[in-house]
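Trainee: Following this message is one structure expressed as structure tokens.
The values are calculated or read from the model by the stated rules, or taken from the named source; none is laboratory data. Only a predicted model underlies this, so the values are computations on that prediction, with no experimental measurement involved. All Cβ positions, glycine included, derive from the backbone under ideal geometry; neighbour counts span all protein chains shown. Accessible surface is based on the protein model in full, side chains and every heavy atom, while ligands, DNA and RNA are left aside. Shrake-Rupley method; radii C 1.70, N 1.55, O 1.52, S 1.80 Å.
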Amino acid sequence: PATVREGEGTEMQSAPSESLVDRLEETAIAAILGLMTLITFANVVARYVFNSNILWALEMTVFLFAWLALLGACYAVKKGAHLGVDAIIDIVPPAPRRVLALISITVCIVFSLLLLKGAWDYWANFANLPQTEGRWFPLGFQESFRPKAWYEVNDIPMPEILRWIEPLMNDGDEYEKLPRFIPYAILPFTMALLLFRFVMAGIAVWQGRIDRIVASHEVDDDIAEAREQRGED
């Protein structure tokens with residue numbers, strides 16, 4: 001089971017299964033970052049060496065950057081790596097500290113629900129699915145809507161390996177460009193993942209395994225490291 005050391009908030013030791021998931025998430029994030037770098041580098045070489053241009057490179061990089069940011073935000077919640085102010089939390093006793101943490105997580109969960117609804121409603125029609133009814137929280141689904149799966153991105157060509165989705169999503173018509181519902185799918189996926197992360201953090205606080213959802217103290221770590229180095233010198 002995950003454990004927490006005194007005074008270190010959400011810094012937990014992961015079980016083997018969690019470590020495997022962590023490695024998969026870290027690999028996915030690193031792969032996206034590497035792909036962004038590779039595409040950008042290739043486009044620079046094409047432009048300045050061959051006086052050419054990779055037409056779809058900029059749009060692909062924008063999509064990959066969005067995926068990187070959204071996945072990274074979810075992973076940071078899991079690791080307690082988001083920046084936060086814990087001056088008050090550090091001076092209150094454990095019981096009030098736990099209450100404050102639960103209040104904070106409740107606010108984050110509500111906010112994540114709003115984000116999830118907005119993300120679903122933005123993406124759904126592009127995937128031939130109904131949006132939710134209700135202004136703030138879902139009260140049902142649309143009874144009628146205009147399918148938009150035929151909408152394509154501006155520049156990214158349709159990969160041949162994905163042609164199998166055309167009969168399912170586009171009435172058999174061929175896509176010239178990548179359909180928008182594919183890159184946009186990261187929105188509801190990551191918002192659902194973000195909600196899950198906050199729920200899991202709330203459970204951890206309730207069980208007493210952590211006392212806050214933020215544990216990033218880069219300055220403190222740097223100071224401690226500097227002191228250790230001075231001691232060794």
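Trainee: Would a scan of region 138-157 turn up a residue that is surrounded by 13 or more Cβ atoms within 10 Å (Cβ to Cβ) and in a helix (DSSP H, G or I)?
Mentor: No, there is no match, as no residue in region 138-157 is surrounded by 13 or more Cβ atoms within 10 Å (Cβ to Cβ) and in a helix (DSSP H, G or I).
Trainee: Next question. Check Leu102 against each of (1) closer than 21 Å to Leu194 by Cα; (2) outside any helix (DSSP H, G or I) and name the one condition it does not meet.
Mentor: (2)
Trainee: I need the full set of residues from region 108-127 which are surrounded by fewer than 17 Cβ atoms within 10 Å (Cβ to Cβ) and not aliphatic (A, V, I, L, M), in order please.
Mentor: Phe111, Gly118, Tyr122
Trainee: Ok, one more. Just to be sure, is Ala87 within 17 Å of the chain's Cα centre (by Cα), at pLDDT below 85 and of a type in the set (A, V, I, L, M, F, W, C)?
Mentor: Taking the combined requirement at face value, the residue does not satisfy it.
Trainee: Determine if region 105-114 includes at least one residue that is closer than 20 Å to Arg212 by Cα, at pLDDT 85 or above and among the polar types (S, T, N, Q).
Mentor: yes
For every residue, the table says whether it meets (1) open to solvent by less than 80 Å² (accessible area, probe 1.4 Å); (2) assigned to a helix (DSSP H, G or I); (3) at pLDDT below 80; (4) more than 30 Å from Lys177 (Cα to Cα).
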| residue | (1), (2), (3), (4) |
| --- | --- |
| Glu25 | yes, yes, no, no |
| Ala73 | yes, yes, no, no |
| Val77 | yes, yes, no, yes |
| Ala81 | yes, no, yes, yes |
